[in-house]
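Undergrad: Let me give you the structure first, and then I'll get to my questions.
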Amino acid sequence: MDERQETSGAEMVVQGLLREGADVVFGHPGGAILPVYDALHGAPIHHYLMRHEQGAAHAADGFARASGRVGVCMSTSGPGATNLITGLANAHMDSVGIVALTGQVGIGLLGTDAFQEADILGMTMPVVKHSYLVRRAADLPRALHEAFHIAGTGRPGPVLVDLPKSVANERAQAIWPEGTPRLRGYNPDPPAPAARDLERAVAALEGARRPLLMVGGGAAKAGAQAEVLALAETLGCPVICTLMGLGVLPGDHPAHLGMMGMHGTPVANLATTQTDLLIGLGVRFDDRVTGALPHFAPNAKILHIEMDPAEIGKIVAPHVALVGDVRRVLQILLPLLVGRDVRHPWLPEVDSSLGGGFGYPRERFTDGRISGPDTVDAVHRATHGRAVVVTDVGQHQMWAAQHYPFSRIGQFITSGGLGTMGFGLPAAIGAQVARPGETVVCLTGDGSFQMTLQELAVVRSYNLPLKIFVFNNGYLGMVRQWQEMFYEERYSYSEIWSPDFCKLAEAYEIPSVRVERSEELEGTVQRAVETSGPVLVDVRQVTRENCWPIVPAGKALHEMMVPPHS
C-alpha cells in the first residue's frame with residue numbers, strides 16, 4: 001500500500017464529518033479522544049467547547065431539532081462517555097438524530113480496567129438506535145457513513161461510534177463508500193401502504209361522524225405541516241396535538257383545540273371522549289397523553305399512521321394502521337378522499353356541548369405578583385410569536401406549551417419523553433448555533449437551570465445572543481404541586497435555595513435583570529428581547545402557583561382537575 005495514501009483514524013474522523021456535511025460539533029476533550037482533537041485543529045469544523053459532556057449531547061440534540069440535520073457530540077472515554085448517557089437517552093426518547101463519537105482506551109487495553117475505560121457500548125445499548133466499536137482504522141469510513149445514515153433516516157435516533165485511541169492513531173487507506181448504505185434488516189423507507197389498508201382507512205373516514213386528528217412528533221419529524229392542514233380542512237374536523245406535535249398545525253388555526261393530555265386543554269381532552277374516529281398521526285400514545293387507558297377515546301375507532309411499526313398496537317389497538325412516513329402516507333391518502341363523503345365538521349358541536357372553552361384555565365393574581373402564564377404571554381408578545389422556544393422540564397415547560405402558540409415545526413424544542421431537567425440551556429445553545437439569525441429564548445426553572453448552568457460560559461465564549469428567562473419561584477415547582485395536591489401538602493425537599501442569578505450572570509459577563517412586579521414584566525421582557533447579545537432575566541414568580549388543568553395519575557382525561565374558581 002502506498003504510504004502517502006494512508007491517513008490516521010483521527011484524520012478520517014474529520015474527513016468523514018465533512019463528507020457528511022457535519023461542520024458543527026459540540027464536545028469536550030480528554031486523553032482518549034486527543035488524536036481526534038489534534039486533527040480538528042485548523043479543520044473547517046466549528047467546534048463548541050461545552051463545559052460538561054451532558055451539555056454537549058443536549059446541544060447536539062437542540063441543534064438537530066432546530067436545523068433538521070444530524071447533530072454531533074464528542075467526548076473522551078470513561079466519565080466523558082458516561083456523561084453523555086442522559087443526553088443520548090433524551091434523544092432516543094424523542095427520536096432525535098445525533099451521532100456521538102466517544103474516545104476509548106486502546107484495543108490492547110480493552111477489558112483490563114484501564115484508566116478511564118468504560119463499556120460505553122454496553123451502557124448505552126438500550127438508549128441508542130445503533131452503535132459501533134471501531135477496531136480498525138480502515139473500518140472508520142464505513143462506520144461513520146452508516147452512523148449518519150442510521151441516525152437521520154426512518155425514525156431518527158442517536159448512534160454511538162466508540163473509537164479506541166490506538167485506532168485513532170493507526171494509519172490506513174481511507175476508502176469512502178458512496179451512495180446510500182445498504183444495511184441488512186434496516187429499511188428506513190417502508191413500502192407504500194397496501195391498497196386494501198388504504199381503502200379501509202377511507203371507509204373509516206367515510207363512516208365517521210366525529211373524526212378527530214391527533215398530531216404527534218412523528219408528523220413534525222416528517223415535515224407534514226401542509227399535509228396535516230390539508231387533511232384537517234378536507235375532513236372539517238377539530239385537531240389536537242401532543243406536546244411533541246405542537247407547531248405542526250398553527251396554534252391560532254380555528255380547528256386547533258390545543259394540546260391534549262395531562263396538562264392539555266379541557267376541550268381537547270374532552271373531545272377525545274366524544275370522537276368516534278381518532279386519527280393518530282405520528283403518535284405513540286404515551287401515558288401522559290392517554291391518561292387511564294381503559295377510558296381513553298372510549299367511543300372511537302383508531303386510525304394510526306406511524307413510521308415505526310413497533311409502535312402499532314403497542315399501547316392502543318388500531319382499527320386501521322398505515323405504516324410509513326406521515327407526510328408520504330398523507331400524500332397517498334389525500335387524493336383518495338376527493339369526491340368521497342368524508343367532510344364531517346363537528347367543531348361547533350365540540351364548542352357547545354363540551355363547554356370547556358378553547359383556552360387553558362389559570363390562576364389569576366391582582367396583587368402585583370408574577371405568574372408563569374403571564375411570563376410566557378409577555379415573551380410571546382415581545383417576540384411576535386416567532387421565536388424558537390427551548391424549555392427545561394416542569395411547570396414552566398407546560399406553561400410554554402400552553403400559552404405560546406407555535407406556528408411552525410421546530411419552533412418548540414423541549415424534552416418530552418425523558419423529561420430531562422437541565423436540557424434547556426445547552427439545547428438552546430445548539431438551537432442558536434443552528435439558527436444564528438433568529439431569536440432563540442430559553443425558558444427554564446430555578447431547579448432545572450442549576451443542573452447545567454455552567455454552560456453560561458459557552459454562551460459568553462461564543463457571544464450567542466440567547467435570551468434566558470429563569471422562572472424563579474423557590475421550589476421544584478411541579479414536584480411541589482404534586483405534593484400539595486396528592487401528598488397532603490408534605491413539601492418534602494421541594495423547596496430549593498438558589499444563588500443570585502443576576503450576580504451569577506455578571507460573573508459570566510452576561511447582562512442580566514431581575515423583575516419582581518407584574519407591572520414591570522412587559523417592559524423588562526421587551527428590552528431583554530431587543531438586547532443584541534445574550535441576556536438573563538430573573539423572573540421572581542409566585543412561589544406556590546399551580547399548572548392547570550391536570551389529569552391525576554391513573555385518572556381518565558375527562559377527570560382532569562381545574563382551578564377551584566374556574
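Undergrad: Would you pick out the residues in the range 30-81 that are in contact with a Cys (Cβ under 7 Å, 6 or more places away or on another chain) and within 24 Å of Leu109 (Cβ to Cβ)?
TA: none
Undergrad: I'm trying to understand the selection: among the residues of the range 87-109, which are under 23 Å from Ala310 (Cα atoms) and not small (Gly, Ala, Ser)?
TA: Residues satisfying the conditions are Leu88, Asn90, His92, Met93, Asp94, Val96, Ile98, Val99.
Undergrad: Test Gly417 against the criterion of being at positive phi, in contact (Cβ under 8 Å) with a residue 60 or more places away in the chain and not assigned by TED's automatic domain parsing to the domain that holds Met93, and give yes or no.
TA: Working: at positive phi: no; in contact (Cβ under 8 Å) with a residue 60 or more places away in the chain: yes; not assigned by TED's automatic domain parsing to the domain that holds Met93: yes.
No: the conditions fail for Gly417.
Undergrad: Does the range 188-229 hold any residues that are of a type in the set (Gly, Ala, Ser), outside any loop (DSSP other than H, G, I, E, B), farther than 26 Å from Leu243 by Cβ and free of Cβ contacts under 8 Å to residues at least 60 places away in the same chain, and which are they?
TA: If the condition is that a residue be of a type in the set (Gly, Ala, Ser), outside any loop (DSSP other than H, G, I, E, B), farther than 26 Å from Leu243 by Cβ and free of Cβ contacts under 8 Å to residues at least 60 places away in the same chain, then Ala195, Ala203 are the ones that fit.
Undergrad: Please enumerate the residues belonging to the range 1-18 that are loosely packed, with under 15 Cβ neighbours inside 10 Å and either within 22 Å of Ala59 (Cα to Cα) or at pLDDT 95 or above (or both).
TA: Within the range 1-18, just Leu18 meets the criteria.
Undergrad: Checking Asp341 against (1) within 28 Å of Gln397 (Cα to Cα); (2) in a loop (DSSP other than H, G, I, E, B); (3) touching a residue at least 12 places away in the same chain (Cβ under 8 Å), only one condition comes out false. Which one?
TA: (1)
Undergrad: Also: If you go through the range 78-124, how many residues are within 19 Å of Asn169 (Cα to Cα), of a type in the set (S, T, N, Q) and either surrounded by fewer than 24 Cβ atoms within 10 Å (Cβ to Cβ) or without any contact (Cβ under 8 Å) to a residue 12 or more places away in the chain (or both)?
TA: 1
The rows are residues; the columns are (1) farther than 25 Å from Thr383 by Cα; (2) at pLDDT 95 or above; (3) touching a Ser or Thr at 6+ places or on another chain (Cβ under 7 Å).
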position: Glu489; (1), (2), (3): yes, yes, no
position: Glu495; (1), (2), (3): yes, yes, no
position: Cys502; (1), (2), (3): no, yes, yes
position: Arg517; (1), (2), (3): no, yes, no
position: Glu520; (1), (2), (3): no, yes, no
position: Ile550; (1), (2), (3): yes, yes, no
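Undergrad: Being crowded, with 22+ Cβ neighbours inside 10 Å, outside the structural domain of Ser67 (by TED's automatic domain parsing), aromatic (Phe, Trp, Tyr) and touching a residue at least 24 places away in the same chain (Cβ under 8 Å), is that true of even one residue in the range 363-383?
TA: No.
Undergrad: Which residues, counting only those in the range 252-295, are within 30 Å of Pro156 (Cβ to Cβ), surrounded by fewer than 20 Cβ atoms within 10 Å (Cβ to Cβ) and in contact with a helix residue (DSSP H, G or I) (Cβ under 6 Å, 6 or more places away or on another chain)?
TA: Hit for the range 252-295 is Ala255, nothing else.
Undergrad: Considering only residues of the range 418-442 that are buried (at least 23 other Cβ atoms within 10 Å of the Cβ) and among the polar types (S, T, N, Q), which is nearest to Val72 (Cα to Cα)?
TA: The selected residue is Gln432.
Yes/no per residue for (1) over 21 Å from Ala89 (Cβ atoms); (2) modelled with pLDDT under 95:
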{"position": "Val393", "(1), (2)": "no, no"}
{"position": "Gln397", "(1), (2)": "no, no"}
{"position": "Ala400", "(1), (2)": "yes, no"}
{"position": "Phe406", "(1), (2)": "yes, no"}
{"position": "Gly417", "(1), (2)": "no, no"}
{"position": "Ala428", "(1), (2)": "no, no"}
{"position": "Ala434", "(1), (2)": "yes, no"}
{"position": "Gly437", "(1), (2)": "yes, yes"}
{"position": "Ser448", "(1), (2)": "no, no"}
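Undergrad: Looking at the range 128-178, which of its residues are without any contact (Cβ under 8 Å) to a residue 60 or more places away in the chain, out of contact with any Lys or Arg (no Cβ under 9 Å at 6 or more places or on another chain), assigned to a helix (DSSP H, G or I) and buried (at least 18 other Cβ atoms within 10 Å of the Cβ)?
TA: Matches in the range 128-178: Ala138, Ala143, Glu146, Ala147, His149.
The values are calculated or read from the model by the stated rules, or taken from the named source; none is laboratory data. Keep in mind it's a predicted model, so treat the numbers as computed, not measured. Note that each Cβ is placed from the backbone with ideal geometry, even for glycine, and that neighbours are counted across all protein chains shown.
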